[in-house]
Amino acid sequence: MEYDFYKNNKSDKVFWVDNVDNIGEHMFSFDKVKIYNLFADYPHNLTQEEKEIFDKENEYWRDYFADRK
């Protein structure tokens, strides 16, 4: 399967993944190799560094999942 990667801001380290086959899925990556599913993997499957980067760049999702800490 081939994915399209994009960033919300040029300086971001988080790549969001476009997957037209799965509508409603929110996937992201830091390296375009390992892809995380936002709802299944955040925050417990991220390293501490990845979580810090993700939270800094995605305040909405950080706040949305505040109860998962």
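A short reminder: the numbers here are calculations on the coordinates, not readings from a lab. Keep in mind the model is a prediction, meaning the values are calculated, not measured. As a convention, Cβ positions derive from the backbone with ideal geometry for all residues, glycine included, and neighbour counts pool all protein chains shown.
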Helical mean residue ellipticity (222 nm; -39500 (n - 2.57) per DSSP H run of 4+; nearest 500) of the chain: -7000 deg cm²/dmol
How high is the relative contact order of the chain, in percent, counting Cα pairs under 8 Å that sit 6 or more residues apart? 20 percent
For the chain, set up a GNM with springs between Cα atoms under 10 Å and report which of 56, 13, 34 has the largest fluctuation. 34
At q = 0.26 Å⁻¹, work out log10 I(q)/I(0) for the range 4-68 with the Debye formula, treating every Cα as an identical point scatterer and leaving solvent out; two decimals please. -1.33
Select from 5, 23, 43 the residue farthest towards the positive end of the dipole of the chain; place +1 on Cβ of Lys and Arg, -1 on Cβ of Asp and Glu, and compute about the Cα centre. 43
Tail fraction, Cα-Cα pairs, the range 1-42, threshold 14 Å, whole percent: 43 percent
